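Participant: Have a look at this one before I ask anything.
Rule-based calculations on the coordinates, nothing more; no lab input. Only a predicted model underlies this, so the values are computations on that prediction, with no experimental measurement involved. Don't worry about glycine lacking a Cβ; one is built from the backbone with ideal geometry, like all the others, and counts go over all protein chains shown.
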Amino acid sequence: MRQPLDSYEKSGILFRETMSSVQTNLSEIHARIESAATRCGRKASEIQLVAVSKTHPPELIREAFEAGQRAFGESRVQDALPKIDALPAGIEWHFIGHLQTNKIRKVVDRFALFHGVDNENLAIQINRIAGELGVTANVLLEVNVSGEVSKFGFAPEKLPAALENLAPLPFLRIPGLMTMAPYSDHPDEARPYFAKLRELRDRLATETGLPLSELSMGMSGDFEQGIAEGATIVRVGSAIFGSRG
Ligand SMILES: *Cc1c(COP(=O)(O)O)cnc(C)c1O
């Protein structure tokens, strides 16, 4: 959209300030990941930072990329695809939203990992379409550990049967599980939910023989709690890119 010149100039000024802060924010997050890992005897290198870039423009993503960030998370197909097309091929894209089955074909070969796979039919359709396109899709099963009715995800008691059905699918890999803690102003309140996801994973891994080594848990407000409970992937948006307004 064309804008009047003075508004371009204004946004240009704002933009330069935001760009420099992305780099600063990223190094702060790295330092916090490092100390959270150290506090619980883990290595920061075991933890992948996914920079959640949803709602933010390609320029900010590029700034983070130039600061060394490689994995980015998007939650809407129609916003993500133009960014993927516009940005360097070296970016590893993660889909963190809820995928509609009618959009699978558009995205199945564009994302390294789908975090929010929350029902069996979706996973079955992803496998089918991945097979048609000759790719393998990596998915994390989203678990509703809190049991809140407003939350997406498999009920924990449904997971054993779901894994039994999904694990044999040839074009689907399930490297692990993902969850979101209930919203809270107190990050420590997230910990029991993250602990539950880890315990569930440990039990399922024993029962099924699948490693399920990845645990995607923790966002800007609670990624240190996620790390303390074994997160291997944290999804951090606003603490890197600023608020989404
Ligand atoms: C938006 C989003 C995030 C990032 O949230 P922040 O609080 O901005 O860090 C992480 N995970 C999911 C699934 C999201 O939708």
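Participant: Between Ala86 and Arg244, what's the calculated FRET efficiency when r is the beta-carbon distance and R0 is 22 Å? Round to 0.05.
Facilitator: About 0.65, to the nearest 0.05.
Participant: Need one number: nm distance between label points at Asp202 and Asp188, each 7 Å from Cα along Cα→Cβ, rounded to one decimal.
Facilitator: According to this spin-label approximation, the distance is 2.2 nm.
Participant: Tabulate in residue order the Karplus-calculated ³J(HN,Hα) for the stretch 134-150, using 6.51 cos²θ - 1.76 cosθ + 1.60 with θ = phi - 60°, rounded to whole Hz; enter x for Gly and Pro.
Facilitator: 3J(HN,Hα) across the stretch 134-150, in whole Hz: x, 10, 10, 9, 9, 10, 9, 7, 7, 10, 8, 6, 7, x, 4, 5, 6.
Participant: Just to be sure I understand the rule: take each whole DSSP H helix in the chain, project its Cα atoms onto its long axis, keep it if the span is 15 Å or more and its mean Kyte-Doolittle hydropathy is at least 0.5. Which ones pass?
Facilitator: none
Participant: With 10 angstrom as the radius, rank Leu177, Leu133 by how many other C-beta atoms surround their C-beta, starting from the fewest.
Facilitator: Leu133, Leu177
Participant: With the crude spin-label approximation of a point 7 Å out along Cα→Cβ, what separation in nm comes out for Ser27 versus Gln100?
Facilitator: 4.3 nm
Participant: Relative to the present Cα-Cα distance, how much length would full extension add between Asp109 and Thr136 at 0.36 nm per residue of separation?
Facilitator: Working it through step by step, the gained length comes to 8.9 nm.
Participant: Restricting to DSSP H runs of at least four residues, report the calculated mean residue ellipticity at 222 nm for the chain, -39500 (n - 2.57) per run over all residues, nearest 500 deg cm²/dmol.
Facilitator: When only DSSP H runs of four or more count, the value is -13500 deg cm²/dmol.
Participant: Under a Cβ-Cβ cut-off of 14 Å, what is the net charge of the residues other than Arg201 that fall near it, where Lys and Arg count +1 and Asp and Glu count -1?
Facilitator: Once positives and negatives cancel, what remains is -3.
Participant: Further, regarding this structure: Identify all lysines with a Cα-Cα distance to Lys54 below 22 Å; exclude those on the same chain that are fewer than 8 residues away in sequence.
Facilitator: The qualifying lysines are Lys83, Lys103, Lys106, Lys151.
Participant: Right, here's the next one. Give me His115, His56, His30 ranked fewest to most by other Cβ atoms within 10 Å of their Cβ, as a rough exposure proxy.
Facilitator: Sorted ascending by nearby Cβ count, the order is His30, His56, His115.
Participant: Tally Lys/Arg at +1 and Asp/Glu at -1 over every other residue whose Cβ is under 15 Å from the Cβ of Asn102; what's the total?
Facilitator: In short, +4.
Participant: Among Ser216, Ser27, which comes first, second and so on when ranked by fewest other beta-carbon atoms within 10 Å?
Facilitator: Ser27, Ser216
Participant: Using a simple charge model, +1 on the beta-carbon of Lys and Arg, -1 on the beta-carbon of Asp and Glu, nothing else, what dipole does the chain show about its Cα centre, in debye to the nearest 20?
Facilitator: 400 debye
Participant: Using Cα pairs under 8 angstrom and six or more residues apart, how large is the relative contact order of the chain, in percent?
Facilitator: Rounded, it is 19 percent for the chain.
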